[in-house]
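Please read the structure below before turning to the comments.
The values are calculated or read from the model by the stated rules, or taken from the named source; none is laboratory data. Here the structure is a predicted model, which is why all the values come from computation and not from measurement. To get the accessible areas, we keep the full protein, side chains included, count just its heavy atoms, and leave off ligands, DNA and RNA. Shrake-Rupley method; radii C 1.70, N 1.55, O 1.52, S 1.80 Å.
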Amino acid sequence: MRKAYAIVLAGLGAVTLTGAAVAASRDTHTMNVPLPDGSIARIEYVGNVTPKVTVNPAPLSVAFPSFGMFDRNFADMQRQIDATMREMNNVAAHPLTGASGMNGAAYGNVPAGTQSVTVVSTSNGGKTCTRTTEVTSQGAGKPPKVVTNASGDCAKTSAPPLIGNPA
């Protein structure tokens, strides 16, 4: 009985494998369709009738704002830039009182011989101006020694140039 059962099972396995081979050898076709994003869709079909393939674009996600929002954001950024430039020009046009061309840092309490060097170079078209300021501490309670040099096409005025487009 065991031999008969084994023979029946072997026969069923052979029939199954033969059926799969016959199904695979049928009239199967493969069609490669290029998609708009550059990828390729592989379509497999059986028979002589070519399938109809339709590719529908996915709807835009909500993550993309409308182009009107870009214009509004750009106008807002431009408004902020203009306000910043106006403030910079206002500060540059009104130097600190009593600072005699220096910045607001206190040099009176640093050890004698301490130095600070500032170099500012400005270009406008074909003209370039370079200003170098060297501040050396003379010790506690004494005013610092300030040496300023200018080279290039520097204006004779001491006021710094206006920045940007004052509006």
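Accessible-area rank, largest first, for MET85, MET77: MET77, MET85, with all protein chains present and a 1.4 angstrom probe. For ASN149 and ASN124, the difference between the fully extended length at 0.36 nm per residue and the C-alpha to C-alpha distance is 7.1 nm.
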